[in-house]
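For reference, the structure discussed in these notes is given below.
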Amino acid sequence: MANKFSEQLEKVIRGGTRPLGFGQYTAPAKPRLFILAETHTLDDGARLKGVDAIVVPGPCKCPTRKSEILRGCSIGEDVGHKGCDFVVLDLDGAIVGIDEDTARVLRIGGDLTDAQLRALGGLEAAALIGEAGLGDSLTFRDLLAVQRLVDFCGKTLLLRLPKIYGKAEMQALSDRGIAGVVVDSAKIDTEALRKAVDELEPKKKGKEKSTAIVNCPTPAAHPEESEPEIEPDEDE
């Protein structure tokens, strides 16, 4: 489903491309994590620095005029949606009342079974917001939970963060394959978050382990030794 949210999300996580032609050279943008900020009013979007999109609690009251920053509403009931670029819904949210130009973003938790996570790939959702229950410090179990969501959901995953972690921790989360992060703008400095995101290295593709194959030549067949001829006795 083509919409403004999906196009911008893809542009951010894939990075820019080098322009063609003989015009002024501009370096392509480096791929990075998408930043979605939760806020209380749409007016907060003007003061939040470094974010790609904002989402406010429903019901939807987005103005019909479009803005440079993506705007969305977090809803839980069947209401009209006009003017917003995307809506955030729980799995129990209604699927009606959303026009084709408005992207659907689903919230999921780590309590879903592996089979349920796989089934998410068949739903019409532009992205998923994953809740992995992260705390003040990351553990290997946390990374395992995040990796499970990424591997099984089959959709672009935005991970909810409770804080801005250190560079090593943020890099570890990025390397799991998440596409972006979701934060509460009342608790997290989005400008500092963007700086931390820009310092991360894009996820490197795993190098395939090559196994050297040594072709051992077939040992040459030894010529069959001829049996010595038995000379007849002179007496015969």
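A single entry from ALA125, ALA103 fulfils the requirement of being crowded, with 16+ Cβ neighbours inside 10 Å, touching a residue at least 60 places away in the same chain (Cβ under 8 Å) and not aromatic (Phe, Trp, Tyr): ALA103.
Give the residue that is modelled with the lowest pLDDT, with candidates limited to residues of the stretch 77-96 that are assigned to a loop (DSSP other than H, G, I, E, B) and surrounded by 15 or more Cβ atoms within 10 Å (Cβ to Cβ).
The first filter runs over the stretch 77-96 and keeps only residues assigned to a loop (DSSP other than H, G, I, E, B), leaving 77-85, 90-96.
Okay, now just the ones that are also surrounded by 15 or more Cβ atoms within 10 Å (Cβ to Cβ), so 79, 81, 83-85, 93.
Numbers: VAL79: 61, HIS81: 65, GLY83: 74, CYS84: 84, ASP85: 89, GLY93: 79.
Among those that are assigned to a loop (DSSP other than H, G, I, E, B) and surrounded by 15 or more Cβ atoms within 10 Å (Cβ to Cβ), it is VAL79.
Here is a yes/no grid of residues against (1) open to solvent by 20 Å² or more (accessible area, probe 1.4 Å); (2) of a type outside the set (Phe, Trp, Tyr); (3) touching a helix residue (DSSP H, G or I) at 6+ places or on another chain (Cβ under 6 Å):
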residue: THR113; (1), (2), (3): yes, yes, no
residue: GLY130; (1), (2), (3): no, yes, yes
residue: GLY133; (1), (2), (3): yes, yes, no
residue: PHE140; (1), (2), (3): yes, no, no
residue: GLN147; (1), (2), (3): yes, yes, no
residue: ASP151; (1), (2), (3): yes, yes, no
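Applying the criterion of being among the basic types (Lys, Arg) and closer than 28 Å to ALA115 by Cβ to the residues of the stretch 153-176, the residue that is surrounded by the fewest Cβ atoms within 10 Å (Cβ to Cβ) is ARG160.
Here is a yes/no grid of residues against (1) closer than 28 Å to ALA46 by Cβ; (2) at pLDDT 90 or above; (3) under 19 Å from the mean Cα position of the chain (by Cα):
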{"position": "ARG65", "(1), (2), (3)": "yes, no, no"}
{"position": "ARG104", "(1), (2), (3)": "yes, yes, yes"}
{"position": "ILE108", "(1), (2), (3)": "no, yes, yes"}
{"position": "LEU123", "(1), (2), (3)": "no, yes, yes"}
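ALA186 satisfies every condition listed in (1) among the small types (Gly, Ala, Ser); (2) in contact with a Ser or Thr (Cβ under 8 Å, 6 or more places away or on another chain); (3) without any contact (Cβ under 8 Å) to a residue 40 or more places away in the chain except (3).
Going by what's in this entry, would LEU48 be described as of a type outside the set (S, T, N, Q) and modelled with pLDDT under 95?
Values: of a type outside the set (S, T, N, Q): yes; modelled with pLDDT under 95: yes.
For LEU48, the condition - of a type outside the set (S, T, N, Q) and modelled with pLDDT under 95 - is met.
Among the residues of the stretch 1-28, those that are modelled with pLDDT of 75 or more and open to solvent by less than 60 Å² (accessible area, probe 1.4 Å) comprise ASN3, PHE5, SER6, LEU9, VAL12, ILE13, GLY15. Scanning the stretch 178-216 for residues being open to solvent by less than 80 Å² (accessible area, probe 1.4 Å), more than 19 Å from GLU38 (Cβ to Cβ) and either aliphatic (A, V, I, L, M) or at pLDDT 95 or above (or both) gives a total of 2.
In this structure, GLY135 does satisfy being over 17 Å from PHE34 (Cβ atoms) and small (Gly, Ala, Ser).
The values are calculated or read from the model by the stated rules, or taken from the named source; none is laboratory data. Note that the coordinates shown come from a computational prediction; the quantities given were computed from them, not determined experimentally. Note that each Cβ is placed from the backbone with ideal geometry, even for glycine, and that neighbours are counted across all protein chains shown. Note: areas computed on protein heavy atoms with side chains; ligands, DNA, RNA excluded. Shrake-Rupley method; radii C 1.70, N 1.55, O 1.52, S 1.80 Å.
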